[in-house]
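*Asks:* Okay, handing you the structure first.
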Amino acid sequence: MKIDVIAIFPEILEMALHVGILKRAIDRDLLEVHLHNLRNFAEGNRRTVDDYPYGGESGMILKPEPLFAAVRSLEPTEVTRVIFLTPQGKPFNQRIAEELSLETHLVLICGRYKGIDQRVREKLITDEISIGDYVLSGGEVPALVLIDAIGRVLPSALGDYESAQNDSFSRELLDHPHYTRPAEFEGMKVPDILLSGHHQKITDWKRDRSLEKTAEQRPDLLHKFKNNEVLD
Ligand SMILES: C[S@@+](CC[C@H](N)C(=O)[O-])C[C@H]1O[C@@H](n2cnc3c(N)ncnc32)[C@H](O)[C@@H]1O
C-alpha cells in the first residue's frame, strides 16, 4: 500500500515512520509512505500557501492552487482515496482502519489554520475523516493516527511482539487485562487462573474480563456483541 501525505509540517510524521511496526512494514515493502511539503507546490518567492478568508472572518485558509498542484503531481487514479483530515469528517474507528488497509493508494491531506478552500473538498476529496470530537491545530497528527492504525492491520505487519487478536474493538469488545512476570509484585498477584495452564478457563476468564471492562467503560459497544458473536 502507498500513502502520500500532503502537509505544511510533514516533519511531524517523520520520526514515527522510523520506529516499531511502521518501520517494519516499510522495510518489508508492505507500506510506502511519502511525505510532501505543501510549500513545494506554492508559487512565488515566498511560497505562500494560505490567504485570508472571503467574508471577513479572522484566521487563514489553505489556498486551492498548491493543494490542487500537490494532488495532481501524485497522479491519482480511480482507485486513489483522497482523504481530508477534518473534525467535520466521519469518526475514525478500527473498522475504517481495516477497510482502508485493503486500498492500494491513499492520499492524506492535512489542513491548518481555519482549514482548506472549499473547492478542494468539492473537487479532489473522496473521504473526510475525523479522529475525534475536538479541534487540533493541524491535520498532521490525525494523519499519523490513520497511518499507524492502518499500518498495524496490514497483513503480516505485526511481528511476534504484537498481536491484533483480541485488541480492543477487534470483536467490538475492549481488551482484557494483561500480566507478565513476576507472578507477584509488591504484594499484587497475577490471577491464579492465568497460571493454571487450563486453556478453556483462561479463555473464559479473558472473555469475562473483556465484557466487564466494556460494560464499565463503553456500554455502547455491548449491543453489538452477544454470546461471543458480533451482531451485524
Ligand atoms: C484548527 S483546525 C480547523 C477546524 C475547522 N475550522 C473546523 O472548525 O472544522 C485545522 C486543521 O486541523 C485538522 N484537524 C483538527 N482537528 C481534527 C480532528 N479532530 N480530526 C481530524 N483533523 C483535524 C484539520 O485538517 C483542520 O483543517
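*Asks:* Taking amide H positions as placed in the peptide plane 1.01 Å from N, state which residues far from Lys63 in sequence (5 or more) or on other chains have amide H under 5 Å from it.
*Replies:* Under 5 Å from the amide H of Lys63 lie the amide H atoms of Asp50, Asp51, each far enough along the sequence or on another chain.
*Asks:* Next question, about the same structure. What ranking do Thr48, Thr80, Thr86, Thr180 get, fewest neighbouring Cβ atoms within 10 angstrom at the top? The partial results should precede the final answer.
*Replies:* Working: Thr48 14, Thr80 18, Thr86 21, Thr180 7.
The most exposed by this proxy come first: Thr180, Thr48, Thr80, Thr86.
*Asks:* With no solvent and one equal point scatterer per Cα, compute the Debye intensity ratio I(q)/I(0) for the stretch 2-153 at 0.12, 0.14 Å⁻¹ and report its log10, rounded to two decimals.
*Replies:* -0.48, -0.65
*Asks:* On to the next question. Pick from Glu78, Glu65, Glu128: which residue has the top mean-square fluctuation in a GNM of the chain where Cα pairs under 10 Å get a spring?
*Replies:* Comparing Glu78, Glu65, Glu128 in a Gaussian network model of the chain, the most mobile one is Glu78.
*Asks:* Name the residues whose placed amide hydrogens come within less than 5 Å of the amide hydrogen of Leu31, ignoring near sequence neighbours (fewer than 5 apart) on the same chain.
*Replies:* It is Ile26, by chain and number.
*Asks:* What list of ³J(HN,Hα) couplings, whole Hz, do you get for the stretch 123-129 from phi and the Karplus terms 6.51, -1.76, 1.60, once you set θ to phi - 60° and write x for glycine and proline?
*Replies:* Going residue by residue, I get 9, 10, 7, 9, 9, 10, 10 Hz, with x marking Gly and Pro.
*Asks:* Which of the lysines could be linked to Lys201 by a straight reach, that is with a Cα gap under 28 Å, when you skip same-chain ones fewer than 8 residues away?
*Replies:* Within the straight-line limit of under 28 Å, Lys201 reaches these lysines: Lys189, Lys213, Lys224, Lys226.
*Asks:* Something else now. Tell me the mean residue ellipticity at 222 nm calculated for the chain from its helices only (DSSP H runs of n ≥ 4, each -39500 (n - 2.57), averaged over every residue, nearest 500). The partial results should precede the final answer.
*Replies:* Values: 9 runs with 76 residues, N = 232.
Roughly -9000 deg cm²/dmol at 222 nm, from the helical runs in the chain.
*Asks:* What is the set of long-range amide H partners of Val107 at a cut-off below 5 Å, with H atoms built 1.01 Å from backbone N?
*Replies:* Asp4, Arg81, Val82, Ile83
*Asks:* Tell me which aspartates and glutamates have Cα within less than 16 Å of Lys63's Cα, excluding those fewer than 8 residues away on the same chain?
*Replies:* Within reach: Glu43, Asp50, Asp51, Asp117, Glu122.
*Asks:* On to the next question. Of the DSSP beta bridges with both residues in the chain, give the percent that are antiparallel, rounding to the nearest 5.
*Replies:* Working: 7 of 29 bridges.
Antiparallel: roughly 25 percent of the beta bridges in the chain.
*Asks:* Can you pull out the trypsin sites (Lys or Arg not before Pro) in the stretch 1-57 that DSSP calls coil and that have at most 11 other Cβ atoms within 10 Å? Could you put the intermediate results ahead of the total?
*Replies:* Working: sites: Lys2, Lys23, Arg24, Arg28, Arg39, Arg46, Arg47; in loops: Arg28, Arg46, Arg47.
In loop regions of the stretch 1-57 (DSSP not H, G, I, E or B), the sparsely surrounded trypsin sites (Lys or Arg not before Pro) are Arg46.
*Asks:* Let me ask something else. Would you list which lysines come within 23 Å of Lys23, measuring only between C-alpha atoms, while excluding same-chain residues fewer than 8 positions from it?
*Replies:* Straight-line reach from Lys23, under 23 Å: Lys2.
*Asks:* While we're looking at this one, here's another question. Which of the chymotrypsin sites (Phe, Trp or Tyr not before Pro) found in the stretch 34-113 are in a DSSP loop and have at most 11 neighbouring Cβ atoms, other than their own, within 10 Å? Walk me through the numbers before you get to the answer.
*Replies:* Values: sites: Phe41, Tyr54, Phe68, Phe84, Phe92, Tyr113; in loops: Tyr54, Phe92, Tyr113.
Taking the stretch 34-113 and a limit of 11 other Cβ atoms within 10 Å, the loop chymotrypsin sites (Phe, Trp or Tyr not before Pro) found are Tyr54.
FYI, it's all coordinate maths here, none of it is from the lab. The structure presented is a predicted model; accordingly, all values stated were derived computationally and were not measured. Using ideal geometry, Cβ is built from the backbone for each residue, glycine included, and neighbour counts are taken over all protein chains shown.
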